[in-house]
Amino acid sequence: MRLCGPPVYSLVGVVSLLLSLWEAGCLELSINPRLRPPRAPGGPEGALRRHKRSWVWNQFFVLEEYTGNDPLYVGKLHSDVDKGEGNVKYVLSGEGATSIFTIDENTGDIHATKRLDREEQAYYTLRAQAVDRATNRPVEPESEFIVKIQDINDNEPKFLDGPYTAGVPEMSPLGTSVIQVAATDADDPTYGNSARVVYSILYGQPYFSVEPKSGIIRTALPNMDRETRDQYVLVIQAKDMVGQMGGLSGTTSVTVTLTDVNDNPPRFSRKSYQYTVPESQPVASVVAKIKAADADVGSNAEMDYRIIDGDGLGMFKVTTDKDTQEGVLTLQKPMDFETKASYTLRIEATNRHIDPQFLSLGPFSDTATVRLTVEDVDEPPVFSTPLSKMVVSEAARVGTIIGTVSAHDPDASSSAIRYSIDRNTDLERFFNIDAMSGIISTAKPLDRESNAVHNITIFAMESQDPSQVGKGIAVITVMDINDNAPVFAIEYETFLCENAKPGQVIQTISAVDRDEPPNGHRFFFALSAEAAGNLNFTLRDNKDNTASILTKRGGFRRQDQSLYQLPILIVDSGNPSLSSTNTLSIRVCECDLDGLAQSCTAEAFMLPAGLSTGALIAILACVLTLLVLVLLIVTMRRRKKEPLILEEERDVRENIVRYDDEGGGEEDTEAFDMVALRNLNVIRDHKVRRDVTPEVTSFFSSRPVYKTLPDNVIFREFIWDRLKEADVDPSAPPYDSLQTYAFEGSGSIAESLSSLESLSTDSDQNYDYLSDWGPRFKKLADLYGNTEGCNIFS
């Protein structure tokens, strides 16, 4: 089987195709007989002719991106077995068979039915087979061949990593490498120039250049200055076909930033600076700020400041503000206008990081002069000694001079000074100070045991300007004298066992003294004079500020005496010495075998003489219980009350609420004088209570009329009259109650609207209509309906 392909369009392709066709027998080479070499003697005539092979392998070449309307002819399959009688059929299989490539089974012609793209697939591997049409059996063995897609320039170069950013130090020399760019072309690099790329710079000249083959970008100018221009944007082009016309191209941008180097020294904007500082400026505060300008940035602009000369080397200090790179001038000592009115400093600013290769651009430092003028201010008085320490004895009399404080006006005016004590620091006013001389003296007796140290504040005030006040401290220590006698250290509770032996220690005592002698305390113990000859106890001074109490005898009995009082004399070692007598209580107790007290009272021996405590408590509880019962019974009887109306029958529909309230009610019309609540202008007839026998029969026969008096006088007279009447009227209810009077005054035209006025009329109300309201109002009708019965208002 022979493969015959179409012509190709390049020199290499033509040569390759011709050789393939010649080897397949599709191309007959005709050799000129004159150029044919002589035939070998005796050799056959066809010694120079190449014999045809029955099966020849070769490649097909197909151009990519075919745009024709007809299928693209690829090549032809032909078998030597095929005599042209139609008995042989050609079959194609493999990659793209039937979908991309088709074959004419009669002629063996192969066509491509789709557009091919080499960048998607560069070649296809197919298999060819010649079979007998009748039997469908192979007439020759199956063989593979390749259809190779021939490249055309259909892809432009692309910068896959663009756009680019790069940096290069300023002041770099010519040709310094900045960055390398790279473009890729999807075309076949082994075929033609479709993928051969060259680089050029479209925008960015004359500052930068690019190498055509490598894509390396370099500086094209020396000593480019960042302070003049710090950023450049370049446009780089990559073109295939070695940059020839008709080639495709792509572009990218490269942003180049000039990085800073320390090529600029610091410079002060002025050579001299002037500042004014008040003399009251506090120490460690900022008095001035100066700054040297540096065109560099970052660490290249960092600088240090120092004072190199001047008359204020010890007064001021300069430091660098790390955020603003300013020189901060601070005060180290207090200033005094009267002592020195101005200071001059020479300050140097130096770059912290200096690049040796740029030393020729230096020096990288600069100096400036700073003049500080001290401004005079009115200052408060200043104490010669801010803290004065003084000592006084607690035995000092009132008015004793303790010490003197002194202050002066630091200003040129030198105003006179007046002194005073801050009473917030001397609340009890123990001390006085002379306003003119500053002499401190005692104003009250002192007690070291109450307050050993007095810390008082002294004010010094200018006489001409009292607002200017200075403060000083006086620490007054009160020295001790022996003015406190020693006493027992604690309140002792001493127990003595009945079986105690003679000479037994029953208590060890010690003493305390509020005084503090310089050499420490030394106490002496002894029995007082009245106890020195007692037969029960004795005292032994232990010489270590303690003493032991011992028994002189044994056989102590609670029945005989349960408590002993032992007076003890304690003397201190002061000069003069002080003493006190302290009484030690010794209680006789019944003890166990170990000497522990069990019972210390004589109660058990007194019980037979009378009742026990438990019996007395039981009797008292019974008496209290009886008293409570009696009180309950009396209270219940007083609260019990008979109903006003006896009901023979109770209507089940009635809802009666009973209130057990004391009082006369509606039937008791004589118990209270209701007319007292009427208008005072209505004169009532006095009615004597029927339930009380009056002892005094004289009453006020009439009451004055108050209509002509002012309202405030009317009320006062009304209340006063009622008070006098209640005081002398024995029938006024009740005798210890608070009487309330409803008095409206005399100013109302309508006069009184009280319903109580109805009591002063003699008219009777007719309640006969209650009988017509049904059985539920029967009781009311019986009470009020019969006018001939008992009238409760009569």
On the basis of being open to solvent by less than 30 Å² (accessible area, probe 1.4 Å) and either polar (S, T, N, Q) or touching a residue at least 40 places away in the same chain (Cβ under 8 Å) (or both), does M241 make the cut? no
Taking segment 395-446 as the region of interest, how many residues are in contact (Cβ under 8 Å) with a residue 60 or more places away in the chain and open to solvent by 50 Å² or more (accessible area, probe 1.4 Å)? 2
Scan segment 362-381 for residues that are surrounded by fewer than 16 Cβ atoms within 10 Å (Cβ to Cβ) and among the hydrophobic types (A, V, I, L, M, F, W, C) and report the count. 1
Flagged in segment 98-114 as part of a strand (DSSP E or B) and either in contact (Cβ under 8 Å) with a residue 40 or more places away in the chain or touching a Phe, Trp or Tyr at 6+ places or on another chain (Cβ under 9 Å) (or both), in numbering order, are F101, I103, D109, I110, H111, A112
Which of the residues belonging to segment 453-470 are open to solvent by 40 Å² or more (accessible area, probe 1.4 Å) and either modelled with pLDDT under 90 or of a type in the set (V, I, T) (or both)? V453, S463, Q464, D465, P466, S467, V469
Surrounded by 14 or more Cβ atoms within 10 Å (Cβ to Cβ) and free of Cβ contacts under 8 Å to residues at least 40 places away in the same chain - does that describe any residue in segment 505-515? yes
Kindly indicate whether any position in segment 207-230 is in contact with a Pro (Cβ under 9 Å, 6 or more places away or on another chain), within 30 Å of R118 (Cα to Cα) and open to solvent by 20 Å² or more (accessible area, probe 1.4 Å). no
Tally up the residues in segment 518-537 that are open to solvent by 50 Å² or more (accessible area, probe 1.4 Å) and either within 26 Å of E498 (Cβ to Cβ) or not in a loop (DSSP other than H, G, I, E, B) (or both), please. 6
Being more than 15 Å from S510 (Cα to Cα) and in a loop (DSSP other than H, G, I, E, B) is the filter here; which residues of segment 540-571 pass it? K552, R553, G554, G555, F556, R557, R558, Q559, D560, Q561, S562
Determine which single condition V391 fails, assuming it passes every other condition in (1) free of Cβ contacts under 8 Å to residues at least 24 places away in the same chain; (2) surrounded by fewer than 14 Cβ atoms within 10 Å (Cβ to Cβ). (1)
Can you find a residue that is under 47 Å from the mean Cα position of the chain (by Cα), closer than 30 Å to A301 by Cβ and either modelled with pLDDT of 95 or more or surrounded by 19 or more Cβ atoms within 10 Å (Cβ to Cβ) (or both) anywhere in segment 335-345? yes
Determine whether K76 is assigned to a strand (DSSP E or B) and modelled with pLDDT under 85. yes
Y199 meets each of (1) assigned to a loop (DSSP other than H, G, I, E, B); (2) in contact with a strand residue (DSSP E or B) (Cβ under 7 Å, 6 or more places away or on another chain) with one exception, condition (1)
Which residues, taken from segment 572-597, are open to solvent by 50 Å² or more (accessible area, probe 1.4 Å), among the hydroxyl-bearing types (S, T, Y) and either assigned to a strand (DSSP E or B) or touching a Gly at 6+ places or on another chain (Cβ under 8 Å) (or both)? S579, T581, T583
Give segment 258-280 a look and list any residue that's surrounded by fewer than 18 Cβ atoms within 10 Å (Cβ to Cβ) and within 20 Å of P334 (Cα to Cα), or say none. Q274, Y275, T276, P278, S280
Do we find that I308 is open to solvent by 60 Å² or more (accessible area, probe 1.4 Å) and within 30 Å of D260 (Cβ to Cβ) in this structure? no
For a quick check of your reading: which strands (runs of 3 or more DSSP E) sit entirely within segment 359-469 and have at least 3 residues that are more than 30 Å from E326 (Cβ to Cβ)? 387-393, 401-404, 417-421, 431-433, 439-442, 453-462
State all residues of segment 88-97 that are surrounded by 15 or more Cβ atoms within 10 Å (Cβ to Cβ) and either in a strand (DSSP E or B) or without any contact (Cβ under 8 Å) to a residue 24 or more places away in the chain (or both); if no residue qualifies, say none. V88, K89, Y90, V91, L92, G94, A97
Only residues in segment 529-542 that are basic (K, R) count as the first member; pair them with residues that are surrounded by 10 or more Cβ atoms within 10 Å (Cβ to Cβ), Cβ under 6 angstrom, at least 6 apart or cross-chain, and list the lot. R540/S548
Checking R540, R553 in turn, the sole residue that is of a type in the set (D, E, K, R) and out of contact with any Ser or Thr (no Cβ under 9 Å at 6 or more places or on another chain) turns out to be R553
Quick one: in segment 474-504, of everything that is hydrophobic (A, V, I, L, M, F, W, C) and more than 21 Å from S450 (Cβ to Cβ), which residue is surrounded by the fewest Cβ atoms within 10 Å (Cβ to Cβ)? I490
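The values are calculated or read from the model by the stated rules, or taken from the named source; none is laboratory data. For clarity, every value in this text was computed on a predicted model and none was experimentally measured. Every residue, glycine as well, gets a Cβ built from its backbone with ideal geometry; the counts of neighbours run over all protein chains shown. These accessible areas exclude ligands, DNA and RNA; they are computed on the full protein's heavy atoms, side chains included. Shrake-Rupley method; radii C 1.70, N 1.55, O 1.52, S 1.80 Å.
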